[in-house]
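Trainee: Handing you this structure, nothing more for now.
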Amino acid sequence: MRKEDLLSEGERSVLRLHPHWKTILRPILLLILVLAGYGALVYFRGHVPPAAFLGSGVLAIIVLIGAAIPVLRWQTTTYGLTTRRLRLRRGILSRQGRDFPLIRISDVSFSHGLIDRLLGAGTLIVESAGEHGQLVLTEIPHVEMVQATLFQLVEDEQQRLARDEL
């Protein structure tokens, strides 16, 4: 079944985002540094004792796995905006999801510091009526655009429901 098939009748996808790429920057840089160090060790030492070669190979594999997990977590985490709801999905082996109907959202705001502004990321704060109250989504790329889009979708949904009630 395609993801578009999971939408209700009349609903269409507007945005689909992953967390900002800066969330995987540290593990990738660590992987590059370890692999470069491993390559330098092999290159400059010429003959490497088998124990050192095996130990550094194990370290490289551990770091590779340590970098792969955050990348997979980043890849499998999605924020979706449709014309009717805000959808959150995450999980590598098992999946978790939450949907927030736009009609229940009462306020949408964002914040970002200097580094986030330079990188184009930020925190999106969604106020919702009901038991969950406030939803805080961190590391959202293009957070100002997402906030404006979400706010407009909430307004459009409220107008659509008001028209349907008439």
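Trainee: Build a GNM of the chain with springs between Cα atoms under 10 Å: which of Ser111, Ser94, Ser13 gets the top mean-square fluctuation?
Mentor: Ser94
Trainee: Ok, one more. Run through the range 111-166 and list the GluC sites (Glu not before Pro) located in a DSSP loop whose Cβ has at most 15 other Cβ atoms within 10 Å.
Mentor: When the GluC sites (Glu not before Pro) of the range 111-166 are filtered for loop state and at most 15 Cβ neighbours within 10 Å, Glu131 remain.
Trainee: Quick one: which residues, 5 or more positions from His20 or on another chain, have an amide H under 5 Å from its amide H? H modelled 1.01 Å from N in the peptide plane, none for Pro or chain starts.
Mentor: Sorted by chain and number, the residues that satisfy this are Ile140.
Trainee: If you don't mind, there's one more thing I want to ask. What angle do you read, to the nearest 10 degrees and between 0 and 90, between the alpha-carbon axis of helix 143-165 and the longest principal axis of the chain?
Mentor: Helix 143-165 and the main axis of the chain meet at about 30 degrees.
Trainee: Collect residues whose amide H, placed 1.01 Å from N in the peptide plane, falls under 5 Å from the amide H of Leu86; neighbours closer than 5 in sequence don't count.
Mentor: Phe100, Leu102
Trainee: Given the Cα-Cα distance of Arg73 and Ile32 and 0.36 nm per residue of separation, how much length would full extension add, in nm?
Mentor: Length gained between Arg73 and Ile32: 12.9 nm.
Trainee: Using only Cα atoms, find the angle between the long axis of helix 50-76 and the longest principal axis of the chain, and express it within 0 to 90 degrees, rounded to the nearest 10.
Mentor: 10 degrees
Trainee: With a cap of 12 neighbouring Cβ atoms within 10 Å, and only residues DSSP puts in a loop, list the trypsin sites (Lys or Arg not before Pro) found in the range 64-166.
Mentor: Arg95
Trainee: Find the relative contact order for the range 82-166 and round it to a whole percent, using C-alpha pairs within less than 8 Å whose residues are 6+ positions apart.
Mentor: Over the range 82-166, the number comes to 25 percent.
Trainee: Let me check I've understood the local charge: for Val143, count other residues with C-beta under 12 angstrom from its C-beta, Lys and Arg +1, Asp and Glu -1. What total comes out?
Mentor: Once all neighbours under 12 Å are counted, the net charge is -2.
Trainee: Oh, and also: Quickly work out the Arg90-to-Leu41 label distance, labels modelled 7 Å from Cα along the C-beta direction, and quote it in nm with one decimal.
Mentor: 3.4 nm
Trainee: What number, rounded to the nearest 500 deg cm²/dmol, is the helix-based mean residue ellipticity at 222 nm of the chain, given -39500 (n - 2.57) per DSSP H run of at least four residues and division by all its residues?
Mentor: Taken over the chain, the calculation gives -16000 deg cm²/dmol.
Trainee: Next up: Please compute, for the alpha-carbon atoms of the range 1-130, the extent along each of the three principal axes and give them in descending order in Å.
Mentor: For the range 1-130, the Cα extents along the three principal axes come out at 67, 41, 23 Å.
Trainee: Kindly write out, for the range 23-33 in residue order, the coupling ³J(HN,Hα) from the Karplus curve 6.51 cos²θ - 1.76 cosθ + 1.60 (θ = phi - 60°), rounded to whole Hz, with x marking Gly and Pro.
Mentor: 5, 10, 5, 4, x, 5, 5, 4, 4, 4, 4
Since every read-out is calculated from the coordinates, none of them should be taken as a lab result. Everything quoted here is computed from the prediction, not taken from an experiment. Note that we place each Cβ from the backbone using ideal geometry, even for glycine, and neighbour counts take in every protein chain shown.
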